[in-house]
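> Take this structure, written in structure tokens, and hold onto it; I'll ask about it next.
The values are calculated or read from the model by the stated rules, or taken from the named source; none is laboratory data. Being a predicted model, the structure only gives us computed values, none of them experimental. Here the Cβ positions follow ideal geometry from the backbone for every residue, glycine too, while neighbour counts run over all protein chains shown. For accessibility, only protein heavy atoms count, side chains too; no ligands or nucleic acids. Shrake-Rupley method; radii C 1.70, N 1.55, O 1.52, S 1.80 Å.
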Amino acid sequence: MTIREKIRKIAVWGCCFILFSCTETKEVIEYVNPFIGTEQVGHTYPGATVPFGMVQLSPDTRTEDWSACSGYQYTDTLLYGFSHTHMSGTGGADLGDILFLPLTGNFDATWLKEKKQMRMLKDGETATAGYYSVKLGNGVLSELTATPHCGVHRYTYPAGERSLLVDLTHYLKKEHIHQLELKQISDTEIQGMRFSSGWVSNQYIYFIARFSAPIRKINGWCDGKLTYEKDLKGTDIRAILEFENGNAPVEVSVGISATGYEGARKNIEAEMPSPKFDKALMQAVASWDTEMGRIDISGATDDEKTIFYTALYHTMICPNLFSDVDYKYRGMDGKLHEGKSPHYATFSLWDTYRAVHPLYTVLYPDFNADMMRSLVEKGEQNGYLPKWELWGGETDCMIGFHAISVLGEAIVKDLGGFDYEKAYQLCKKTYEAGDRISYAGRVYDAEEMVNLVDSSLEFWLTSGRYTEQFERGLAKYLQVKYCSAVNSGSSANLLAFMALTSPLLGERRVLPGDEVITVAAGFPTTVTPMLQYGAVPVFVDVTIPQYNIDTDRLVEAFSLKTKAVMIAHTLGNPFDLKKVKDFCDRHDLWLVEDNCDALGSRYCMNGEWRFTGTIGDIGTSSFYPPHHMTMGEGGAVYTNNALLHKIIRSLRDWGRDCVCSSGRDNMC
């Protein structure tokens with residue numbers, strides 16, 4: 001049964017004319033496929049949420065590594081359970097709070113003592129806007145939906161014992177847990193809280209959970225000990241709730257809040273005071289129909305509509321509501337604030353300022369106004385506009401101050417809904433020099449200005465004694481003989497590969513049509529130089545989850561046309577340099593290490609620890625993120641090969657076979 005059929009069946013029981021009177025505009029959600037982006041590094045989740053809702057109720061199939069940023073990978077067949085908070089499309093992991101997992105059979109304490117997973121029956125897994133379901137290996141059909149502040153579950157158990165794991169220790173990325181609490185309030189209600197620090201410090205989440213079936217018994221785990229207490233406090237808490245026997249599904253409503261138990265209680269009372277899954281599902285679908293129905297497209301195929309409406313859906317699952325139904329919220333100063341309108345959180349502004357927020361100004365000016373007001377409020381509490389705000393805290397991630405762009409556009413378009421003057425003053429304050437030095441973003445103080453004037457007086461703007469000093473210092477640090485600074489990591493890769501095309505290399509020169517082994521999941525700037533010079537990239541698959549080259553595939557990638565191997569150390573994780581280097585030596589191939597993500601990483605080569613980028617023939621680097629502080633951007637090419645160094649310098653400075661330093665003649 002499709003989700004649309006499920007909703008139609010529900011609607012027959014109630015007022016179907018309310019939900020389906022506008023069939024044509026509401027059918028757009030049938031094209032939403034939340035599984036798109038859930039494989040490899042798409043970092044999206046398939047679970048249930050409503051537009052910009054506080055709850056993102058979704059399955060968690062993995063933790064810790066980079067592929068776990070949203071907690072889910074489509075190819076996984078095991079899961080930990082269903083947690084209530086997630087991020088979408090980000091390059092960092094956090095959240096995954098308050099995990100539930102339905103269990104069957106007699107009490108098994110290993111679910112409390114260990115971090116275990118349950119098998120999923122992938123054939124029946126279903127997801128659309130506002131709904132997710134999967135049948136588990138223990139026979140439980142698990143269905144999820146949501147309201148703005150509540151996650152709503154329905155678990156249809158096979159005959160026999162029915163129980164539910166509640167895991168407050170669960171995380172997507174290892175966190176420091178300051179405090180956990182779990183308490184039974186009545187035979188159908190529990191409450192709890194989690195106070196932790198992960199990507200962002202001092203995250204608070206409180207919840208109230210209500211059940212359609214009475215709780216017969218609670219088996220608890222608190223800081224390494226089994227317990228049957230009904231009021232637990234510690235830093236490692238799980239519990240298994242045993243329900244009274246029955247045939248009806250167990251439905252659960254979970255109201256969450258960042259402000260406290262009172263906020264969580266107000267939220268659940270306002271939206272789902274007793275668990276009614278079908279009602280919540282109808283409301284979720286109606287909310288998505290309303291918001292997505294603002295755009296109607298024609299002339300597109302079904303596949304094109306799926307791509308379009310799924311992309312539109314993904315623009316509306318973050319930022320997220322962060323205030324309670326009474327608009328109270330926890331500010332960036334850690335204090336509770338009495339708001340007058342919805343307050344939003346989780347602004348990955350470095351990702352969203354270019355396209356998503358401009359889209360909001362056109363399609364969702366009402367939501368956008370509340371978001372702009374939220375940014376201003378955060379700026380007032382924090383002293384400056386947020387950079388990459390998550391769950392009410394600052395991650396200080398990425399470069400620049402993109403809140404300025406977002407607010408500036410809203411002011412220029414005169415969208416209203418927030419105080420322009422306050423926003424303008426915060427933009428100025430955020431950008432002014434002061435004692436706040438971010439880890440990225442261009443910062444010029446008196447010393448930089450003196451150096452700029454000093455180098456300008458000598459007419460050394462892109463090279464000269466400052467550049468030479470830097471090159472010597474980097475070469476000494478890496479323990480290589482030669483280093484050449486360039487303006488970016490992209491230029492470093494281009495220059496490195498260009499050097500391999502020099503006639504000075506004789507038979508080892510890379511010519512048009514020659515093959516270069518690289519990886520399929522690599523950076524465009526690694527591959528583009530090959531194409532630019534007419535070489536043929538031969539793509540080798542990567543291993544998961546390392547995303548580095550599968551060295552077992554090197555032999556089948558080799559041919560008589562192969563001249564070089566050029567691959568990157570992915571995300572700072574060195575690939576198997578020994579195996580790759582031995583392969584290159586055996587076949588007389590050049591090895592270029594794209595070291596832009598791994599500057600400072602070391603690899604043990606034949607018993608000696610060496611810096612990555614120095615083991616192959618050429619290494620390249622980009623000075624990200626500090627390049628935005630120091631060199632405008634910045635990169636480098638380094639080698640121990642004197643001939644390659646000569647070629648690199650001649651191409652960098654002259655574009656031809658000349659190695660005279662700038663301002664000096666007849667040195668070749």
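> Output the residues belonging to the range 375-432 that are hydrophobic (A, V, I, L, M, F, W, C), touching a residue at least 40 places away in the same chain (Cβ under 8 Å) and closer than 23 Å to VAL362 by Cβ.
LEU375, VAL376, LEU385, ALA403, VAL406, ALA410, LEU415, PHE418, ALA423, CYS427
> Kindly evaluate ALA109 against the criterion of being of a type in the set (A, V, I, L, M, F, W, C) and out of contact with any strand residue (DSSP E or B) (no Cβ under 7 Å at 6 or more places or on another chain).
No.
> Of everything in the range 221-251, what is closer than 19 Å to GLU181 by Cα and aliphatic (A, V, I, L, M)? Give them in sequence order.
Listed by number, the residues that qualify are LEU226, LEU232, ILE237, ALA239, ILE240, LEU241.
> Taking the condition open to solvent by less than 10 Å² (accessible area, probe 1.4 Å) and touching a residue at least 40 places away in the same chain (Cβ under 8 Å), does VAL140 pass?
Spelling it out, it is not the case that VAL140 is open to solvent by less than 10 Å² (accessible area, probe 1.4 Å) and touching a residue at least 40 places away in the same chain (Cβ under 8 Å).
> Say whether the condition of being assigned to a loop (DSSP other than H, G, I, E, B) and farther than 24 Å from ARG602 by Cβ is met by at least one residue in the range 551-558.
Yes, the conditions are met somewhere in the range 551-558.
> I'd like the residue in the range 388-411 that is outside any helix (DSSP H, G or I) and modelled with pLDDT of 90 or more and, out of all such residues, is most open to solvent (accessible area, probe 1.4 Å).
This residue is GLU394.
> Tell me whether the range 566-573 contains one or more residues that are surrounded by fewer than 20 Cβ atoms within 10 Å (Cβ to Cβ) and without any contact (Cβ under 8 Å) to a residue 40 or more places away in the chain.
Looking for residues that are surrounded by fewer than 20 Cβ atoms within 10 Å (Cβ to Cβ) and without any contact (Cβ under 8 Å) to a residue 40 or more places away in the chain, one finds at least one in the range 566-573, hence yes.
> For HIS587, indicate whether it is open to solvent by less than 10 Å² (accessible area, probe 1.4 Å) and not hydrophobic (A, V, I, L, M, F, W, C).
No; evaluated as a whole, the condition is false for this residue.
> Have a look at SER348, SER374, SER341, SER323 and point out the one that is open to solvent by less than 50 Å² (accessible area, probe 1.4 Å), over 21 Å from LEU95 (Cβ atoms) and among the hydroxyl-bearing types (Ser, Thr, Tyr).
SER341 is the lone residue from the list that is open to solvent by less than 50 Å² (accessible area, probe 1.4 Å), over 21 Å from LEU95 (Cβ atoms) and among the hydroxyl-bearing types (Ser, Thr, Tyr).
> Still on this structure, please answer the following. Considering only residues that are touching a Ser or Thr at 6+ places or on another chain (Cβ under 9 Å) and not in a helix (DSSP H, G or I), which ones fall in the range 258-290?
ALA258, THR259, MET272, PRO273, SER274, PRO275, LYS276, listed by residue number.
> Which numbered condition in (1) surrounded by fewer than 22 Cβ atoms within 10 Å (Cβ to Cβ); (2) over 26 Å from ARG330 (Cβ atoms); (3) aliphatic (A, V, I, L, M) is the only one that ALA270 fails?
Exception for ALA270: condition (2).
> Further question: Identify all residues within the range 460-511 that are at positive phi and either free of Cβ contacts under 8 Å to residues at least 24 places away in the same chain or not polar (S, T, N, Q) (or both); write none if there are none.
If the condition is that a residue be at positive phi and either free of Cβ contacts under 8 Å to residues at least 24 places away in the same chain or not polar (S, T, N, Q) (or both), then GLY464, GLY506 are the ones that fit.
> Any idea which residue in the range 476-494 is most open to solvent (accessible area, probe 1.4 Å), counting only those that are over 12 Å from SER621 (Cβ atoms) and not polar (S, T, N, Q)?
LYS476
> Spot the failing condition for ASP97; the list is (1) in a loop (DSSP other than H, G, I, E, B); (2) over 20 Å from LEU168 (Cβ atoms), and only one is missed.
(2)
> Anything in the range 197-208 that is at pLDDT below 95 and hydroxyl-bearing (Ser, Thr, Tyr)? List them, or say none.
Once the filter is applied, which keeps residues that are at pLDDT below 95 and hydroxyl-bearing (Ser, Thr, Tyr), the range 197-208 yields SER197, SER201.
> Only residues that are part of a loop (DSSP other than H, G, I, E, B) and surrounded by fewer than 21 Cβ atoms within 10 Å (Cβ to Cβ): list them for the range 65-89, please.
Within the range 65-89, ASP65, GLN73, TYR74, THR75, ASP76, THR77, GLY89 meet the criteria.
> If a residue has to be open to solvent by less than 30 Å² (accessible area, probe 1.4 Å), of a type outside the set (Phe, Trp, Tyr) and not in a loop (DSSP other than H, G, I, E, B) to count, how many in the range 143-169 make the cut?
So the answer is 14.
Condition check ((1) modelled with pLDDT of 95 or more; (2) over 28 Å from VAL28 (Cβ atoms)) across all residues:
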residue	(1), (2)
GLY96	no, yes
LYS115	no, yes
ASP123	no, no
ALA127	yes, no
VAL134	yes, no
VAL140	yes, yes
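> On the basis of being buried (at least 19 other Cβ atoms within 10 Å of the Cβ) and polar (S, T, N, Q), does SER463 make the cut?
Answer is no for this residue.
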